[in-house]
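A.B. asks: Below you'll find the structure I mean.
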Amino acid sequence: MKLNIVLAQPQIPQNTGNIARTCAVTGAALHIIKPMGFAPTDRQLKRAGLDYWHYLDISYYENFGDFFSKHSEPCFFFSTKAQKRYTDVSYPDGCFIMFGREDAGLPEEILFKNKKSCVRIPMMPTLRSLNLSNSVAVAAYEILRQWDFPELQNEGQLTKFDWNSVE
C-alpha cells in the first residue's frame, strides 16, 4: 500500500526536513508544491532529515495546477477549517494527504471545491493549530494504523537482552 504526503508551499525548512524523515521511516512518498520558502538544498532542511534523504521518494510540482494535472487519485485536505475529523475517513491505497503552508494553510478555494475530502485534527478552539510536522505524523500514522502498518516493522529487539527470556 502506498501513502502520498503533499506539502503545499512549505515555508519552514525544519518542518519539511522532519516530514521527510517521517516519509522515509513510513515508506510514504513526499510531494512538494512550489513555491517553497527555502531552497531544497537548505542546510536546516538537510539537518532535520540528515541521514534519511537517500530513502525518500520525492517529487516537486511548480504549482497546484501542475500537481492536480498529474494526479487523479483520492486526495484528502487537512485543514483547521474542515468540518469532518480525520479519524472519520477510510483512506484508500494510493491516496494523497495534503497540508498547506505553516502560516496560511491551504487556499480556501481548494477547500471549498473539495468539501467532502476536507478533514481536521481536533484541537482546542482558542489555539491556531499543531505544528505542521506533528500534524503530518498524526495523519500518516492514523492511515497506516487503518492499513495495519503494511511493510513496517511491528516488533523491536533489545540490544543487551532477549525479550524471549522474560517471563
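The values are calculated or read from the model by the stated rules, or taken from the named source; none is laboratory data. Here the structure is a predicted model, which means the values were calculated and not measured. Heads up, the Cβs are rebuilt from the backbone with ideal geometry, glycines too, and the neighbour counts pull from every protein chain shown.
A.B. asks: For a quick check of your reading of the model, give me the residue pairs whose first member lies in region 93-112 and is closer than 21 Å to Ala137 by Cβ, whose second is in a strand (DSSP E or B) and among the β-branched types (Val, Ile, Thr), with beta-carbon atoms closer than 8 Å and at least 6 apart or on different chains.
C.D. replies: Close Cβ pairs (under 8 Å, with a partner that is in a strand (DSSP E or B) and among the β-branched types (Val, Ile, Thr)) amount to Phe96/Ile5; Phe96/Val6; Ile97/Ile5; Ile97/Val6; Met98/Val6; Phe99/Ile5; Phe99/Val6.
A.B. asks: Something else: Counting residues that are touching an Asp or Glu at 6+ places or on another chain (Cβ under 7 Å), modelled with pLDDT under 95 and surrounded by fewer than 18 Cβ atoms within 10 Å (Cβ to Cβ), which strands (runs of 3 or more DSSP E) fully inside region 33-106 reach at least 1? Write out each step before concluding.
C.D. replies: Details: elements: 58-61, 75-78, 96-99.
Of the strands (runs of 3 or more DSSP E) lying wholly inside region 33-106, none has at least 1 residues that are touching an Asp or Glu at 6+ places or on another chain (Cβ under 7 Å), modelled with pLDDT under 95 and surrounded by fewer than 18 Cβ atoms within 10 Å (Cβ to Cβ).
A.B. asks: Sticking with this one: For residues that are polar (S, T, N, Q) and at pLDDT 95 or above, scanning just region 132-167, find the one that is farthest from Pro10 (Cα to Cα). Give the steps one after another, and end with the answer.
C.D. replies: Looking only at region 132-167, we keep the residues that are polar (S, T, N, Q), and these are 133-135, 146, 153-154, 157, 159, 164-165.
When the remaining residues are screened for being at pLDDT 95 or above, the result is 133-135, 146.
Details: Ser133: 11, Asn134: 14, Ser135: 13, Gln146: 27 Å.
Ranking the qualifying residues of region 132-167, first place goes to Gln146.
A.B. asks: Here's another thing I want to ask about it. Cβ-Cβ below 9 Å, separation at least six or inter-chain, first residue in region 7-24 and charged (D, E, K, R), second surrounded by fewer than 20 Cβ atoms within 10 Å (Cβ to Cβ) and part of a strand (DSSP E or B): which pairs?
C.D. replies: Short answer, once both residue conditions are applied: none.
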